[in-house]
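Here's the structure we're looking at; comments come further down.
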Amino acid sequence: MKAFIAKPQYALSAYDLQTLLALVRGATLAEAARRLGADASTVFRSVQRIEKSLGQRLFERSRLGYLPTEPMLGLVQHAERIEAELEAARASAQRPHEGVAGRVRLTTTDAVLRGLVLPSLKPLLAQHPLLQLDLRTGNELASLSRRDADLALRATRKPPDHLVGRKLGTVRFVLCGLKAQAKALSSAKKPQAMDVLAGFDWVAPDESLPEHPSVLWRRKQLPKVTPRHYADGIVAVMDAIKAGLGVGIVPVFMLAGEPSLVPLGETLTDCESDLWLLAHAESRHLRRIAVVYDHFAASVRLA
């Protein structure tokens with residue numbers, strides 16, 4: 001009788017896990033290849049080989065790209081731990097006197113970048129000349145879970161539960177304009193002040209920021225105001241105000257160094273958010289990320 005010889009179980013390599021993790025995070029062959037510094041055909045062949053060797057499908061192909069199956073989601077946790085351990089090993093291999101080296105990707109908003117991040121960077125980069133920063137702005141929070149970014153600085157009332165972080169203070173807002181608008185407002189009697197405000201041209205964030213505190217405040221306090229101009233970010237709103245296009249609401253911290261902008265009143269009541277510094281739990285302790293995280297925690301502060 002012929003004995004059945006079981007096929008040896010395939011042993012996943014570190015490179016296999018790196019390839020699979022890149023496809024989970026990138027969702028497409030092209031993006032996974034970019035993350036790996038390879039080409040799409042190589043990634044395709046590698047994934048096919050791994051799935052065939054394991055005898056199970058790790059991705060579902062769809063119009064949205066490569067979607068991980070349940071078995072693949074189980075592998076992701078192991079792959080991320082291995083990735084973190086490798087980065088930690090590389091960091092510990094550096095000599096203690098050496099500065100931090102490598103790239104740290106930060107996602108934030110245009111206003112936070114201009115008003116808080118950029119002014120704080122000079123001491124950090126002077127201390128660590130081999131450190132590279134990849135600064136990305138946008139209204140959407142880039143996924144730290146997919147490692148699209150290492151750190152995030154975001155104004156939000158409720159940061160994602162799966163991230164670790166620290167509240168750096170409260171972002172407060174003020175209505176501002178140019179001196180001519182301030183003069184017109186100051187000459188009006190108090191009961192007419194809201195009518196004067198409603199009569200100004202307004203600049204406001206566009207539909208990409210429907211829940212922005214300034215949008216919610218204006219709709220509640222001045223429901224009859226329809227902005228004349230819209231912009232896709234708070235920095236663009238501020239620049240439009242400086243250009244004389246109208247009045248608008250900006251974070252208080254952005255008024256520093258902007259002598260042409262004049263507050264048209266006190267800080268707005270019920271118009272605020274919290275500034276959070278966020279990181280992924282698996283990578284927060286890595287030396288290059290920890291150094292940048294600690295720097296922002298110490299240097300970016302709001303009352």
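The values are calculated or read from the model by the stated rules, or taken from the named source; none is laboratory data. In this text, all values refer to a predicted model and were calculated from it rather than measured experimentally. Here the Cβ positions follow ideal geometry from the backbone for every residue, glycine too, while neighbour counts run over all protein chains shown. The protein model used for the area step is the full one, side chains on, heavy atoms only, and it has no ligands, DNA or RNA in it. Shrake-Rupley method; radii C 1.70, N 1.55, O 1.52, S 1.80 Å.
Annotations for the structure displayed:
- Residue list for segment 152-167, restricted to those being among the hydrophobic types (A, V, I, L, M, F, W, C) and modelled with pLDDT under 85: Leu163, Val164
- Identity of the residue in segment 96-148, of a type in the set (Gly, Ala, Ser), closer than 19 Å to Arg288 by Cα and at pLDDT 90 or above, that ends up least open to solvent (accessible area, probe 1.4 Å): Ser120
- Long-range neighbours under 6 Å by Cβ, at least six apart or interchain, first residue β-branched (Val, Ile, Thr) within segment 291-303, second buried (at least 18 other Cβ atoms within 10 Å of the Cβ): Val291/Val100; Val292/Val104; Val300/Leu116; Val300/Leu168
- Residues being open to solvent by less than 50 Å² (accessible area, probe 1.4 Å) and within 20 Å of the chain's Cα centre (by Cα) - total across segment 162-177: 6
Every residue, every condition in (1) in contact with a His (Cβ under 6 Å, 6 or more places away or on another chain); (2) surrounded by 15 or more Cβ atoms within 10 Å (Cβ to Cβ); (3) modelled with pLDDT of 95 or more, yes or no:
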{"position": "Lys179", "(1), (2), (3)": "no, no, no"}
{"position": "Ala184", "(1), (2), (3)": "no, yes, no"}
{"position": "Lys190", "(1), (2), (3)": "no, no, no"}
{"position": "Ser208", "(1), (2), (3)": "no, no, no"}
{"position": "His229", "(1), (2), (3)": "no, yes, yes"}
{"position": "Val237", "(1), (2), (3)": "no, yes, yes"}
{"position": "Leu245", "(1), (2), (3)": "yes, yes, yes"}
{"position": "Gly248", "(1), (2), (3)": "no, yes, yes"}
{"position": "Leu255", "(1), (2), (3)": "no, yes, no"}
